[in-house]
Structure formats: C-alpha cells, structure tokens
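Down below is the structure, laid out as structure tokens.
Derivation of every value follows stated rules applied to the coordinates shown; laboratory data play no part. Keep in mind the model is a prediction, meaning the values are calculated, not measured. Cβ coordinates were reconstructed from backbone atoms using ideal geometry, including for glycine residues, and neighbour counts include every protein chain displayed.
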C-alpha cells in the first residue's frame, strides 16, 4: 500500500509539472480547446496506466510527449467528426503591432489547418516545445531524416498557404 502511495505521489509531481505544457502542445496540434483537454486527460490516464514501464523518471517529458502525441494523432484521424477552431493566436509570437498580429492569425490559422496530422505534430513539437529535430525524432520514434523531411514539407506547405492567402488579401 505504501509503495502504491509513493508511486502515485511521484506520478502526481511529474504530471503537475507538465500539465500546462501538455495542454499547450495538444492545443497546438488539435486546434480545439475541448479536444486538447480531452487528449491531455486521456494521455495522463494512459501514462498512469503505463507508469511502471518508465524506467527513468528523469525522462518523463519525452516519454509522456510520445503518449500525448499519439493521443492527439488518434483524435486527428477522426477529425472529420469534430469541427476545428482557430488556434493561430497561440502560434503568433508577440509583436509590436497588434493589428499585424490579427492579420497574421487570420492567415496562419487556415494555413495550419492545411497540414496533415504528422506535419502538424512536428511543427507543434518544433515551435511549441522548441525541440531540435533529433529530439522530435526520438519522441515520435521515427528516424531523424523522417522528422527533418516532415518539418521541411510542413513548413513548405505553410509558406505556400500563407503566400496564397496574402496574395488574395492584396487583391482585395
């Protein structure tokens, strides 16, 4: 009984320290606050169930991120059942001109929606978690080259979508 209690406390400390970051990552991937909350909740439940498989508690974040990303990926596969919401406000970094932020959000949100689940995940891990490509590959359990390729093509697709939106906006 005491061992179970200590196990629960250890998990609780790690989970509490990662809850906000986990939600932000899920929100970046899923683009919907409710879905992000559900995916985060599901991931923490899954992590609790698999807690005994984590050998090094210092590696909690990458281990948990893999669980969270898989939870998000599963939700994205079934995304046609749920409407998406614009999260571009979270993507746009603080700038001096609040009107340019609005314009950026108006363009970036729809551009992010054009990405596949795999591409959206690598973009979120790179720009929300600020992870290098090697760390992204490790968390997704894919080769580094695959992570680089996904990020490259995701950014290329974002640039095309943004350029297209900007050219339409200039014509108006």
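Full extension of the chain between residue 38 and residue 20 yields a length gain of 5.1 nm, computed as 0.36 nm times the residue separation minus the alpha carbon distance.
Take the Cα gyration tensor of region 1-84, multiply each eigenvalue by 5, square-root it, and list the three semi-axes largest first, rounded to whole angstrom. Don't skip to the answer; put the middle values down first.
Details: eigenvalues 135, 26, 24 Å².
Gyration-tensor ellipsoid for region 1-84: 26, 11, 11 Å.
Mind ranking 22-34, 120-132, 49-61 by how tightly packed they are, going by the mean number of other C-beta atoms within 10 angstrom, highest first? Walk me through the numbers on the way to the answer.
On the way: 22-34: 21.7, 120-132: 20.0, 49-61: 11.8.
Top to bottom by mean Cβ count within 10 Å: 22-34, 120-132, 49-61.
Please report the orientation-averaged projected area of region 114-172, defined via the convex hull of its C-alpha atoms, in nm².
Working: hull surface 16.3 nm².
Average projection, Cα convex hull of region 114-172: 4.1 nm².
Working from label points 7 Å from Cα in the Cα-to-Cβ sense, the residue 48 to residue 117 distance is 2.5 nm. A Förster distance of 41 Å, applied to the separation of the beta-carbon atoms of residue 78 and residue 164, puts the FRET efficiency at 0.90.
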